[in-house]
Amino acid sequence: MTNSYLLPNYSRLPVEFIRGEDVFLYDTDGEKYLDFTSGIGVANLGYSQPDLVTALTAQAELIWHTPNLYQNSLQEKVAEKLVGGRKMLAFFCNSGTEANEAAIKLIRKYTGKNQIITFENSFHGRTFGSMSATGQSAIHDGFGSIVEGFVYVPFNDSQALKEAITEDTAAVFLELIQGEGGVIPADERWLSEVSELCRTHGLLLAVDEVQTGMGRTGNLYASDTYGIQPDIITLAKGLGNGIPVGAMLANQSLAAAFSPGTHGSTFGGNKLALSAADKVVELIDTPELLEKVQELGNFSLEYLSEGLKNCQNVAAIRGKGLMIGIELVEEIEEVMTSLLEERLLVLRAGESVIRLLPPLVISKTNLKKGLDLIINVLKKAG
Ligand SMILES: *Cc1c(COP(=O)(O)O)cnc(C)c1O
(Lines give C-alpha, C1' and ligand atoms only; values in the text may rest on other atoms or scores of the structure.)
Protein backbone atom coordinates (compact mmCIF):
# COMPACT_ATOMS: atom_id res chain seq x y z
CA MET A 1 0.00 0.00 0.00
CA THR A 2 3.06 2.29 -0.03
CA ASN A 3 2.79 3.31 -3.69
CA SER A 4 -0.57 4.99 -3.37
CA TYR A 5 -1.78 7.85 -5.53
CA LEU A 6 -4.30 8.81 -2.87
CA LEU A 7 -4.00 11.53 -0.28
CA PRO A 8 -3.46 9.89 3.08
CA ASN A 9 -6.56 11.28 4.83
CA TYR A 10 -7.99 7.84 5.60
CA SER A 11 -6.48 4.99 7.56
CA ARG A 12 -7.57 1.97 5.56
CA LEU A 13 -7.63 -1.64 6.70
CA PRO A 14 -5.74 -4.06 4.44
CA VAL A 15 -8.82 -5.61 2.86
CA GLU A 16 -10.91 -4.77 -0.20
CA PHE A 17 -14.49 -5.84 -0.76
CA ILE A 18 -15.54 -6.49 -4.31
CA ARG A 19 -18.97 -8.03 -3.93
CA GLY A 20 -21.85 -7.97 -1.50
CA GLU A 21 -24.97 -10.00 -0.96
CA ASP A 22 -27.58 -9.53 1.75
CA VAL A 23 -25.53 -8.91 4.93
CA PHE A 24 -22.30 -10.42 3.64
CA LEU A 25 -19.28 -8.94 1.88
CA TYR A 26 -16.64 -10.80 -0.10
CA ASP A 27 -13.01 -9.71 -0.36
CA THR A 28 -10.55 -10.11 -3.25
CA ASP A 29 -9.69 -13.64 -2.05
CA GLY A 30 -13.37 -14.62 -1.93
CA GLU A 31 -13.39 -14.56 1.89
CA LYS A 32 -16.85 -13.92 3.35
CA TYR A 33 -17.45 -11.30 6.05
CA LEU A 34 -20.54 -10.60 8.13
CA ASP A 35 -21.21 -6.87 7.92
CA PHE A 36 -22.25 -5.01 11.09
CA THR A 37 -21.41 -1.62 9.55
CA SER A 38 -23.78 -1.23 6.58
CA GLY A 39 -20.95 0.80 5.06
CA ILE A 40 -21.35 3.27 7.97
CA GLY A 41 -25.13 3.25 8.16
CA VAL A 42 -25.63 3.35 4.39
CA ALA A 43 -26.65 -0.10 3.14
CA ASN A 44 -29.60 -0.44 5.51
CA LEU A 45 -31.25 -2.88 3.09
CA GLY A 46 -28.07 -4.90 2.67
CA TYR A 47 -26.18 -5.54 -0.56
CA SER A 48 -27.49 -6.51 -4.01
CA GLN A 49 -31.08 -6.13 -2.82
CA PRO A 50 -32.95 -7.34 -5.95
CA ASP A 51 -35.68 -4.64 -5.98
CA LEU A 52 -33.07 -1.91 -5.63
CA VAL A 53 -30.94 -3.37 -8.40
CA THR A 54 -34.00 -3.53 -10.67
CA ALA A 55 -35.10 0.04 -9.90
CA LEU A 56 -31.63 1.47 -10.39
CA THR A 57 -30.96 -0.49 -13.57
CA ALA A 58 -34.28 0.56 -15.09
CA GLN A 59 -33.54 4.21 -14.34
CA ALA A 60 -29.96 3.89 -15.65
CA GLU A 61 -31.39 2.87 -19.01
CA LEU A 62 -33.81 5.83 -19.15
CA ILE A 63 -31.91 8.90 -17.97
CA TRP A 64 -29.38 9.49 -15.19
CA HIS A 65 -29.44 13.21 -14.72
CA THR A 66 -31.59 16.22 -15.35
CA PRO A 67 -30.70 19.47 -13.59
CA ASN A 68 -33.04 21.34 -11.29
CA LEU A 69 -34.03 23.62 -14.16
CA TYR A 70 -36.84 21.23 -15.02
CA GLN A 71 -39.68 19.44 -13.27
CA ASN A 72 -38.71 16.31 -11.40
CA SER A 73 -41.60 14.01 -10.57
CA LEU A 74 -39.26 11.55 -8.84
CA GLN A 75 -38.26 14.26 -6.36
CA GLU A 76 -41.93 15.01 -5.76
CA LYS A 77 -42.66 11.33 -5.21
CA VAL A 78 -39.77 10.73 -2.80
CA ALA A 79 -40.44 14.00 -0.96
CA GLU A 80 -44.06 13.01 -0.41
CA LYS A 81 -42.95 9.68 1.06
CA LEU A 82 -40.27 11.23 3.27
CA VAL A 83 -42.59 13.94 4.54
CA GLY A 84 -45.31 11.39 5.16
CA GLY A 85 -48.11 13.69 6.36
CA ARG A 86 -45.83 16.03 8.33
CA LYS A 87 -46.18 19.70 7.41
CA MET A 88 -42.75 19.71 5.76
CA LEU A 89 -41.09 20.26 2.38
CA ALA A 90 -37.92 18.64 1.00
CA PHE A 91 -34.66 19.78 -0.56
CA PHE A 92 -32.37 17.17 -2.13
CA CYS A 93 -28.57 17.13 -2.16
CA ASN A 94 -25.82 14.52 -2.32
CA SER A 95 -24.45 13.90 1.16
CA GLY A 96 -24.88 14.38 4.86
CA THR A 97 -22.66 17.40 5.13
CA GLU A 98 -24.59 19.09 2.30
CA ALA A 99 -27.92 18.38 3.98
CA ASN A 100 -26.55 20.07 7.09
CA GLU A 101 -25.17 23.02 5.08
CA ALA A 102 -28.68 23.50 3.69
CA ALA A 103 -30.08 23.40 7.22
CA ILE A 104 -27.57 25.95 8.51
CA LYS A 105 -28.30 28.29 5.59
CA LEU A 106 -32.07 27.92 6.00
CA ILE A 107 -31.84 28.58 9.74
CA ARG A 108 -29.77 31.74 9.22
CA LYS A 109 -31.85 33.03 6.32
CA TYR A 110 -35.19 32.42 8.01
CA THR A 111 -34.30 33.79 11.43
CA GLY A 112 -31.86 36.51 10.34
CA LYS A 113 -29.78 35.41 13.32
CA ASN A 114 -26.29 33.98 13.53
CA GLN A 115 -26.07 31.83 16.58
CA ILE A 116 -26.81 28.10 16.44
CA ILE A 117 -26.41 25.95 19.53
CA THR A 118 -24.82 22.56 18.86
CA PHE A 119 -23.30 20.02 21.23
CA GLU A 120 -19.95 18.85 22.47
CA ASN A 121 -18.83 15.60 20.91
CA SER A 122 -21.26 15.99 18.00
CA PHE A 123 -20.51 15.24 14.36
CA HIS A 124 -22.17 17.05 11.46
CA GLY A 125 -19.77 16.68 8.54
CA ARG A 126 -16.59 17.96 6.95
CA THR A 127 -17.47 21.03 4.89
CA PHE A 128 -16.94 24.38 6.57
CA GLY A 129 -20.45 24.97 7.90
CA SER A 130 -21.04 21.43 9.09
CA MET A 131 -17.48 21.15 10.38
CA SER A 132 -17.97 24.35 12.34
CA ALA A 133 -21.25 23.00 13.72
CA THR A 134 -19.36 19.93 14.92
CA GLY A 135 -18.47 20.20 18.60
CA GLN A 136 -15.04 18.59 18.41
CA SER A 137 -11.89 20.67 18.24
CA ALA A 138 -10.00 17.75 16.64
CA ILE A 139 -12.24 18.21 13.58
CA HIS A 140 -11.52 21.98 13.39
CA ASP A 141 -7.80 21.95 14.14
CA GLY A 142 -5.48 23.31 11.49
CA PHE A 143 -8.13 24.76 9.18
CA GLY A 144 -7.93 28.37 10.29
CA SER A 145 -11.00 30.35 11.25
CA ILE A 146 -14.17 28.34 11.25
CA VAL A 147 -17.68 29.62 10.50
CA GLU A 148 -18.74 31.84 13.37
CA GLY A 149 -21.91 31.59 15.40
CA PHE A 150 -21.78 28.04 16.69
CA VAL A 151 -21.92 27.57 20.44
CA TYR A 152 -21.10 24.12 21.80
CA VAL A 153 -22.93 22.97 24.88
CA PRO A 154 -22.57 19.71 26.86
CA PHE A 155 -25.01 17.05 25.59
CA ASN A 156 -27.88 16.02 27.87
CA ASP A 157 -27.35 19.09 30.10
CA SER A 158 -30.42 21.35 30.48
CA GLN A 159 -28.79 24.03 32.61
CA ALA A 160 -25.92 24.56 30.16
CA LEU A 161 -28.38 24.83 27.29
CA LYS A 162 -30.51 27.41 29.10
CA GLU A 163 -27.44 29.49 29.85
CA ALA A 164 -26.30 29.41 26.21
CA ILE A 165 -29.52 30.91 24.80
CA THR A 166 -29.23 34.60 23.91
CA GLU A 167 -31.09 37.19 21.82
CA ASP A 168 -29.03 36.11 18.83
CA THR A 169 -29.85 32.38 19.11
CA ALA A 170 -31.54 31.06 15.99
CA ALA A 171 -31.73 27.33 16.57
CA VAL A 172 -30.72 24.23 18.45
CA PHE A 173 -29.15 21.64 16.17
CA LEU A 174 -28.44 18.12 17.38
CA GLU A 175 -28.05 14.42 16.72
CA LEU A 176 -30.66 12.42 18.62
CA ILE A 177 -28.05 9.72 19.09
CA GLN A 178 -24.50 11.01 18.73
CA GLY A 179 -23.05 8.53 16.25
CA GLU A 180 -19.41 9.25 15.51
CA GLY A 181 -19.12 10.63 19.03
CA GLY A 182 -19.73 7.22 20.60
CA VAL A 183 -23.38 6.13 20.20
CA ILE A 184 -24.69 8.43 22.93
CA PRO A 185 -28.49 8.69 22.94
CA ALA A 186 -30.20 11.91 23.95
CA ASP A 187 -31.91 11.53 27.28
CA GLU A 188 -35.69 11.49 26.69
CA ARG A 189 -36.55 13.93 29.45
CA TRP A 190 -33.77 16.27 28.42
CA LEU A 191 -35.01 16.18 24.84
CA SER A 192 -38.53 17.22 25.81
CA GLU A 193 -36.95 20.09 27.76
CA VAL A 194 -35.00 21.03 24.62
CA SER A 195 -38.25 21.06 22.62
CA GLU A 196 -39.93 23.15 25.30
CA LEU A 197 -37.01 25.62 25.47
CA CYS A 198 -37.11 26.00 21.68
CA ARG A 199 -40.82 26.70 21.83
CA THR A 200 -40.64 29.25 24.64
CA HIS A 201 -37.64 31.09 23.15
CA GLY A 202 -38.86 30.89 19.54
CA LEU A 203 -35.86 28.84 18.40
CA LEU A 204 -35.87 26.40 15.52
CA LEU A 205 -35.21 22.78 16.42
CA ALA A 206 -33.10 21.01 13.81
CA VAL A 207 -32.07 17.37 14.03
CA ASP A 208 -29.23 15.75 12.14
CA GLU A 209 -30.66 12.35 11.26
CA VAL A 210 -27.98 11.56 8.71
CA GLN A 211 -27.12 8.45 10.73
CA THR A 212 -30.23 7.88 12.88
CA GLY A 213 -32.71 8.26 10.01
CA MET A 214 -34.07 5.78 7.48
CA GLY A 215 -35.27 3.14 9.94
CA ARG A 216 -32.07 2.82 11.94
CA THR A 217 -33.72 3.20 15.36
CA GLY A 218 -36.91 1.30 14.50
CA ASN A 219 -38.90 4.23 13.10
CA LEU A 220 -38.37 6.00 9.79
CA TYR A 221 -36.80 8.82 11.83
CA ALA A 222 -35.35 8.81 15.34
CA SER A 223 -37.51 11.91 15.95
CA ASP A 224 -40.47 9.52 15.82
CA THR A 225 -38.73 7.12 18.18
CA TYR A 226 -38.35 10.04 20.61
CA GLY A 227 -41.77 11.51 19.81
CA ILE A 228 -40.54 15.01 18.94
CA GLN A 229 -41.48 17.24 16.02
CA PRO A 230 -38.42 19.08 14.75
CA ASP A 231 -38.59 22.04 12.36
CA ILE A 232 -35.77 20.58 10.27
CA ILE A 233 -34.59 17.00 9.67
CA THR A 234 -31.46 16.19 7.68
CA LEU A 235 -30.92 12.81 6.02
CA ALA A 236 -28.33 11.06 3.89
CA LYS A 237 -26.47 7.85 4.74
CA GLY A 238 -29.27 5.28 4.44
CA LEU A 239 -31.36 7.26 1.98
CA GLY A 240 -29.89 5.80 -1.21
CA ASN A 241 -28.52 2.51 0.20
CA GLY A 242 -25.16 3.43 -1.33
CA ILE A 243 -26.14 5.77 -4.13
CA PRO A 244 -25.07 9.22 -2.86
CA VAL A 245 -28.13 11.27 -1.93
CA GLY A 246 -29.06 13.55 0.94
CA ALA A 247 -32.12 15.52 1.91
CA MET A 248 -33.30 18.26 4.19
CA LEU A 249 -36.90 18.29 5.33
CA ALA A 250 -38.09 21.63 6.64
CA ASN A 251 -41.31 22.88 8.14
CA GLN A 252 -43.55 24.50 5.51
CA SER A 253 -43.46 27.72 7.51
CA LEU A 254 -39.75 28.11 6.67
CA ALA A 255 -40.28 27.77 2.91
CA ALA A 256 -40.22 31.49 2.06
CA ALA A 257 -36.55 31.71 3.15
CA PHE A 258 -35.58 29.40 0.28
CA SER A 259 -36.90 31.33 -2.70
CA PRO A 260 -35.53 30.63 -6.21
CA GLY A 261 -31.80 31.28 -6.33
CA THR A 262 -31.08 31.15 -2.60
CA HIS A 263 -29.67 27.63 -2.59
CA GLY A 264 -29.07 24.79 -5.00
CA SER A 265 -27.10 21.80 -6.22
CA THR A 266 -26.25 20.56 -9.70
CA PHE A 267 -26.52 16.89 -8.87
CA GLY A 268 -28.97 17.27 -5.99
CA GLY A 269 -31.87 14.86 -6.34
CA ASN A 270 -30.93 13.65 -9.79
CA LYS A 271 -32.89 10.85 -11.38
CA LEU A 272 -30.47 8.02 -10.73
CA ALA A 273 -30.07 8.91 -7.06
CA LEU A 274 -33.79 9.42 -6.57
CA SER A 275 -34.72 6.16 -8.26
CA ALA A 276 -32.69 4.46 -5.53
CA ALA A 277 -34.14 6.64 -2.75
CA ASP A 278 -37.67 6.00 -4.01
CA LYS A 279 -37.28 2.24 -3.67
CA VAL A 280 -35.36 2.54 -0.39
CA VAL A 281 -38.13 4.54 1.30
CA GLU A 282 -40.77 2.17 -0.05
CA LEU A 283 -38.92 -0.84 1.38
CA ILE A 284 -37.90 0.68 4.74
CA ASP A 285 -41.07 2.55 5.68
CA THR A 286 -43.18 -0.50 6.42
CA PRO A 287 -44.49 -1.55 9.85
CA GLU A 288 -43.04 -5.05 9.29
CA LEU A 289 -39.45 -3.91 8.84
CA LEU A 290 -39.55 -1.12 11.42
CA GLU A 291 -41.08 -3.36 14.11
CA LYS A 292 -38.47 -5.98 13.31
CA VAL A 293 -35.72 -3.40 13.83
CA GLN A 294 -37.14 -2.48 17.25
CA GLU A 295 -37.40 -6.13 18.19
CA LEU A 296 -33.88 -7.01 17.01
CA GLY A 297 -32.54 -3.91 18.73
CA ASN A 298 -34.05 -4.85 22.08
CA PHE A 299 -32.90 -8.42 21.61
CA SER A 300 -29.32 -7.27 20.89
CA LEU A 301 -29.12 -5.05 23.97
CA GLU A 302 -30.39 -7.85 26.21
CA TYR A 303 -28.22 -10.52 24.59
CA LEU A 304 -25.07 -8.41 24.85
CA SER A 305 -25.81 -7.37 28.44
CA GLU A 306 -26.32 -10.99 29.43
CA GLY A 307 -23.32 -12.31 27.50
CA LEU A 308 -20.96 -9.58 28.69
CA LYS A 309 -22.17 -9.14 32.28
CA ASN A 310 -18.94 -10.50 33.77
CA CYS A 311 -16.65 -8.82 31.27
CA GLN A 312 -14.42 -6.30 33.07
CA ASN A 313 -13.53 -4.51 29.85
CA VAL A 314 -17.12 -3.44 29.09
CA ALA A 315 -18.13 -0.08 30.58
CA ALA A 316 -21.55 0.30 28.96
CA ILE A 317 -23.90 -1.13 26.34
CA ARG A 318 -26.41 1.29 24.83
CA GLY A 319 -28.38 2.29 21.76
CA LYS A 320 -31.74 2.25 20.06
CA GLY A 321 -32.91 -0.08 17.34
CA LEU A 322 -29.97 -1.35 15.32
CA MET A 323 -27.65 1.48 16.37
CA ILE A 324 -25.70 -0.02 19.24
CA GLY A 325 -22.57 0.97 21.13
CA ILE A 326 -20.37 -1.14 23.38
CA GLU A 327 -18.11 1.14 25.37
CA LEU A 328 -14.88 -0.47 26.47
CA VAL A 329 -12.72 0.42 29.43
CA GLU A 330 -9.44 -0.16 27.65
CA GLU A 331 -7.97 0.34 24.18
CA ILE A 332 -10.13 -1.23 21.51
CA GLU A 333 -7.55 -1.64 18.76
CA GLU A 334 -6.89 -5.28 19.63
CA VAL A 335 -10.59 -6.13 19.77
CA MET A 336 -11.16 -4.52 16.38
CA THR A 337 -8.32 -6.58 14.88
CA SER A 338 -9.64 -9.82 16.40
CA LEU A 339 -13.14 -9.16 15.05
CA LEU A 340 -11.75 -8.58 11.55
CA GLU A 341 -9.87 -11.88 11.84
CA GLU A 342 -13.17 -13.50 12.79
CA ARG A 343 -14.62 -11.99 9.59
CA LEU A 344 -16.98 -9.64 11.40
CA LEU A 345 -17.00 -5.98 10.34
CA VAL A 346 -17.77 -3.43 13.04
CA LEU A 347 -17.13 0.30 13.45
CA ARG A 348 -15.49 2.26 16.15
CA ALA A 349 -16.82 5.51 17.52
CA GLY A 350 -15.62 8.03 20.07
CA GLU A 351 -12.56 7.00 22.04
CA SER A 352 -13.33 3.39 22.83
CA VAL A 353 -16.78 2.43 21.59
CA ILE A 354 -17.53 -0.49 19.27
CA ARG A 355 -20.37 0.76 17.09
CA LEU A 356 -22.75 -1.73 15.49
CA LEU A 357 -24.88 -0.67 12.53
CA PRO A 358 -25.94 -3.96 10.92
CA PRO A 359 -28.19 -3.84 7.86
CA LEU A 360 -31.82 -3.54 9.02
CA VAL A 361 -32.76 -6.61 6.99
CA ILE A 362 -30.47 -8.92 8.96
CA SER A 363 -32.01 -12.19 10.15
CA LYS A 364 -32.02 -12.98 13.85
CA THR A 365 -29.75 -15.96 13.14
CA ASN A 366 -27.08 -13.84 11.47
CA LEU A 367 -27.45 -11.12 14.09
CA LYS A 368 -26.92 -13.68 16.86
CA LYS A 369 -23.92 -15.08 15.01
CA GLY A 370 -22.24 -11.67 14.98
CA LEU A 371 -23.15 -10.89 18.59
CA ASP A 372 -21.69 -14.24 19.68
CA LEU A 373 -18.42 -13.41 17.89
CA ILE A 374 -18.28 -10.06 19.72
CA ILE A 375 -19.06 -11.64 23.09
CA ASN A 376 -16.40 -14.31 22.59
CA VAL A 377 -13.71 -11.88 21.46
CA LEU A 378 -14.43 -9.52 24.36
CA LYS A 379 -14.45 -12.34 26.88
CA LYS A 380 -11.14 -13.66 25.57
CA ALA A 381 -9.61 -10.19 25.80
CA GLY A 382 -10.66 -10.08 29.47
C1 LIG B 1 -21.93 10.79 8.51
C2 LIG B 1 -22.59 11.93 9.16
C3 LIG B 1 -22.57 13.21 8.57
C4 LIG B 1 -21.79 13.51 7.32
O5 LIG B 1 -22.28 12.83 6.22
P6 LIG B 1 -21.41 12.81 4.84
O7 LIG B 1 -22.32 12.13 3.87
O8 LIG B 1 -20.16 12.05 5.15
O9 LIG B 1 -21.14 14.21 4.49
C10 LIG B 1 -23.27 14.21 9.20
N11 LIG B 1 -23.95 13.99 10.32
C12 LIG B 1 -23.99 12.79 10.92
C13 LIG B 1 -24.79 12.60 12.17
C14 LIG B 1 -23.30 11.72 10.36
O15 LIG B 1 -23.32 10.53 10.97
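The values are calculated or read from the model by the stated rules, or taken from the named source; none is laboratory data. Given the structure is predicted, the values throughout are model-derived calculations rather than measurements. Note that we place each Cβ from the backbone using ideal geometry, even for glycine, and neighbour counts take in every protein chain shown. Surface accessibility is based on the protein's heavy atoms, side chains included, excluding ligands, DNA and RNA. Shrake-Rupley method; radii C 1.70, N 1.55, O 1.52, S 1.80 Å.
Just a few scattered comments:
- At full extension, E291 and T266 could sit 5.3 nm farther apart than now, given 0.36 nm per residue minus the alpha carbon distance.
- For the peptides 230-241, 271-282, 361-372, 141-152, the ranking by mean Cβ contacts within 10 Å, running from highest to lowest, is 230-241, 271-282, 361-372, 141-152.
- Using C-alpha pairs below 8 Å separated by at least 6 residues, the relative contact order for segment 254-382 is 22 percent.
- Sorting 47-56, 199-208, 127-136 by average packing, meaning the other beta carbons within 10 Å per residue, from highest down gives 127-136, 199-208, 47-56.
- A55 sits among other residues whose Cβ lies under 10 Å from its own Cβ, and their net charge, with Lys and Arg +1 and Asp and Glu -1, is -2.
- Segment 102-201, relative contact order [Cα under 8 Å, separation at least 6], %: 31 percent
- Percent antiparallel among DSSP beta bridges (both partners in the chain, rounded to 5): 65 percent
- R0 of 51 Å, Cβ-Cβ distance E193-A58: FRET efficiency to nearest 0.05: 0.60
- Cα gyration tensor shape for the chain, rounded if a/c is under 1.5, else prolate or oblate: oblate
- Model label zone, L301; criterion: amide N under 17 Å from point 7 Å along Cα-to-beta-carbon; scope segment 168-202: 176-179, 182-192
- D157 accessible area, 1.4 Å probe, all protein chains in place, Å² to nearest 10: 50 Å²
- For segment 297-382, the square roots of the Cα gyration tensor eigenvalues, ordered a ≥ b ≥ c, give a/c below 1.5, which places it in the rounded category.
- Between segment 104-152 and segment 73-92, the alpha-carbon center distance in angstrom: 26 Å
- Radius 10 Å from Cβ of G238, net charge of other residues (Lys, Arg +1; Asp, Glu -1): +1
- Here the gap between L7 and Q229, fully extended at 0.36 nm per residue and compared with their Cα-Cα distance, gives a gain of 75.8 nm.
- Averaging the sequence gap over all C-alpha pairs within less than 8 Å and six or more residues apart, then dividing by the number of residues, gives the chain a relative contact order of 23 percent.
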